[in-house]
Amino acid sequence: MGEASKVSAAVWSDPQFAQAWLAADPQGPQDLLALPRRIAAAVVAEETPAPRLVVDVAAGAGAFLSVLLDAFPQAHGVWLDASPAMGERARTELARFGDRVEFLAGDMTALRAAGVPDGADLVATSRATHHLDRAELHGFYREAAGLLAPGGWLVNLDHVGLDEVWDRRLRAARRRFVPPRPAATGHHHDRPLPTVRDHLDGYRVAGLPEAEVVWRAFHTCLFAARANEQPGRAD
Ligand SMILES: C[S@@+](CC[C@H](N)C(=O)[O-])C[C@H]1O[C@@H](n2cnc3c(N)ncnc32)[C@H](O)[C@@H]1O
């Protein structure tokens, strides 16, 4: 497990921080990510209308997983996160799915060790991999891609790093839609966030060079790629 991943797991495992962050997470019309979550499900559904196994990595309270389980009523979901406080909240938020959801405590850079099964039709993650450094990010993509069933999808909705000018511009513009978070729920990033290029390189080294940015607003991108339907075939 890498250093950045460990630090992030520790920050999010503080129950006070996790609860304050959840309380300040935008809801309703201010939840700008409601649309890309649904777009992710729609993109997958076009070619994989009935995924059986959906994994949400660093799933938090389950915002992404619940959209995916609603979109795919036959799917079994795996929730994984390092934070017990998030686990507690997710068990409440996802209770309506009953035994369709399995809860795994673990690190996003050690998915197999946490018990994530092989053969996922969809591995999704949101707002989490920006905590990783480039090497850990690429390790995450490699391991997640290795868990996919033939034709499976790897989808990541995450914040990306920008140069100073665009960072300032887009932060300012975003404030017109969503108020800034209270200071207590902000978390320090001690390195620049991975860029779009870092993510697309990560998909490429993981054997998914067809990755595309399928939605973007401000700092947040939805990346998606589909594995070959015939394992072992070169892209
Ligand atoms: C910003 S929240 C996003 C939660 C959820 N994916 C969402 O979009 O609502 C980041 C999540 O990543 C989890 N996390 C942070 N570092 C982690 C790590 N190293 N391994 C697994 N989960 C981690 C946190 O516990 C938290 O639930």
If amide hydrogens are placed 1.01 Å from N in the peptide plane, which non-local residues have theirs closer than 5 Å to the one on VAL78? VAL54, VAL55, ASP56, GLU102
Most packed first (mean Cβ within 10 Å per residue), the peptides 12-24, 134-146 order as 134-146, 12-24
Unit charges on C-beta of K, R, D, E only; dipole of region 49-132, Debye: 80 debye
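To the nearest 20 debye, what charge dipole does region 143-225 have about its Cα centre, counting +1 at the Cβ of each Lys and Arg and -1 at the Cβ of each Asp and Glu? If you can, show how the numbers build up before the last one.
Numbers: 11 positive and 10 negative charges, 120 e Å.
That gives region 143-225 a dipole magnitude of about 580 debye.
To the nearest 500 deg cm²/dmol, what mean residue ellipticity at 222 nm is calculated for the chain from DSSP H runs of n ≥ 4 alone, each contributing -39,500 (n - 2.57), summed and divided by the residues?
-11000 deg cm²/dmol
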Got a sec? How would SER5, SER66 order by Cβ neighbour count within 10 Å, fewest to most? SER66, SER5
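Using alpha carbons only, what's the Rg to Rh ratio of region 1-50 with Rh from Kirkwood?
1.17
Just to confirm a number: summing +1 for Lys and Arg and -1 for Asp and Glu over residues other than ARG89 whose beta-carbon lies under 13 angstrom from that of ARG89, what do you get?
Net charge in that neighbourhood comes out at -3.
Suppose we look only past 18 Å in the calculated P(r) of region 109-178. What percent of the Cα-Cα pairs does that tail hold? Display every interim value, and only then the final one.
On the way: 1212 of 2415 pairs.
Summing the P(r) of region 109-178 above 18 Å gives 50 percent of all pairs.
Where nothing but the Cβ of Lys and Arg (+1) and of Asp and Glu (-1) is charged, how large is the charge dipole of the chain around its Cα centre, in debye to the nearest 20? Before the final figure, lay out the partial values.
On the way: 25 positive and 30 negative charges, 136 e Å.
Dipole about the Cα centre, nearest 20: 660 debye.
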Among VAL178, VAL196, VAL43, the residue with the largest mean-square fluctuation in a Gaussian network model of the chain built from Cα contacts under 10 Å is VAL178
Using alpha-carbon positions, what is the distance between the centroids of region 64-113 and region 1-16, in Å? 18 Å
Work from the charge dipole of the chain (Cβ charges, +1 for Lys and Arg, -1 for Asp and Glu, about the Cα centre) and give the residue of VAL116, GLN19, THR129 farthest towards its positive end. GLN19
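All of the numbers you see were taken from the coordinates with simple rules; none came from a lab. All of these numbers come straight from a predicted model, not from anything done at the bench. Ideal geometry is used to build each Cβ from the backbone, glycine not excepted, and the neighbour counts take in all protein chains shown.
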